[in-house]
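Beneath this line is the structure, given in structure tokens, with notes to follow.
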Amino acid sequence: IVVRFIFPDSFTYSIWSDRDLLRALRVWNELITEGAEMNGAYYARVPGGFYYYILALFQLVSKQPVYIYLLLSSSVTAGFYIIYRTSHQVIGMVGAAAATGAYALSPGVLSSAIQIWNPALTLPMTSLVFLLLVQVLRKKAWALPWMIGLLLVTMQVHLSNIILLASVLVLLALVPHGTKLKHWGLSIVVTAIVLAPYIMVEMANGFVNTR
């Protein structure tokens, strides 16, 4: 992490990074409801454009790629801290340090955190999901709609997070928690709000971006 800030120019910048930053510049002039293209598909794109809106917020600080990269690195670092603090509440200091270290040194994290692309942004977002999930399991039901909304936004950043969404729902079905029908009802409302722009645009164009 320290090396990233000492040598900020040492990061991977590809044509896909350029594509994403250019698309993020457009969000102030048009509604973007699709994310990055999915591997192995020519037209199909990630459902939802939240990734570009988050990049656009970064660009309010600076439009220079090196500063976008430093902001991403800072958010990843914050994600590590959130994982440690949340794990510390559940499994203690040693367990939290081991869990955070294993996460930080995993190949996926190491490869994602050295470039400007959507998997890098999922790292801090999933740490927030973890924090909210722990709150839900501790019978703090207010966290459920926030967690569902964040999961849907994270899924729009990178579609692989649909696996995380399914895993969380299965866990909530198996482990007792304090949520009630009103909390799930509010979660459904949040789901509708988050997905509405994408669904409305795709219905109008015949879901061409899914083929």
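Side notes on the structure shown:
- Any hit, the range 18-29, residues being crowded, with 19+ Cβ neighbours inside 10 Å, part of a helix (DSSP H, G or I) and among the small types (Gly, Ala, Ser): yes
- Answer from Tyr69, Tyr51 - the residue that is in contact (Cβ under 8 Å) with a residue 24 or more places away in the chain, touching a His at 6+ places or on another chain (Cβ under 9 Å) and in a helix (DSSP H, G or I): Tyr51
- Between Tyr67, Tyr84, the distinction of being over 15 Å from the mean Cα position of the chain (by Cα), surrounded by fewer than 18 Cβ atoms within 10 Å (Cβ to Cβ), modelled with pLDDT of 85 or more and under 20 Å from Leu123 (Cα atoms) belongs to Tyr67 only.
Yes/no matrix, rows are residues, columns are (1) crowded, with 18+ Cβ neighbours inside 10 Å; (2) in contact with a strand residue (DSSP E or B) (Cβ under 9 Å, 6 or more places away or on another chain):
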| position | (1), (2) |
| --- | --- |
| Gly49 | yes, yes |
| Gln89 | no, no |
| Val94 | no, no |
| Tyr103 | yes, no |
| Pro107 | no, no |
| Thr122 | yes, no |
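- Residue ranges of helices (runs of 4 or more DSSP H) in the range 110-211 with at least 3 members within 25 Å of Leu31 (Cα to Cα): 118-137, 143-157, 181-205
- The set of residues from the range 181-211 being more than 18 Å from Gly149 (Cα to Cα) and among the polar types (S, T, N, Q) comprises Asn205, Asn209, Thr210.
- Considering the conditions (1) closer than 16 Å to Leu132 by Cβ; (2) of a type outside the set (Asp, Glu); (3) at pLDDT 90 or above; (4) open to solvent by less than 60 Å² (accessible area, probe 1.4 Å), His177 is excluded by exactly one of them, (3).
- Taking the conditions (1) open to solvent by less than 90 Å² (accessible area, probe 1.4 Å); (2) under 25 Å from Glu202 (Cα atoms); (3) modelled with pLDDT under 80 in turn, Glu37 satisfies each one other than (3).
- The requirement of being within 19 Å of Tyr84 (Cβ to Cβ) and either open to solvent by less than 60 Å² (accessible area, probe 1.4 Å) or among the polar types (S, T, N, Q) (or both) is not satisfied by Val190.
The values are calculated or read from the model by the stated rules, or taken from the named source; none is laboratory data. Since this is a predicted model, take the numbers as computed values, not measurements. Virtual Cβ from ideal backbone geometry, glycine too; neighbours counted across all protein chains shown. SASA here: full protein model, heavy atoms, side chains in, ligands and nucleic acids out. Shrake-Rupley method; radii C 1.70, N 1.55, O 1.52, S 1.80 Å.
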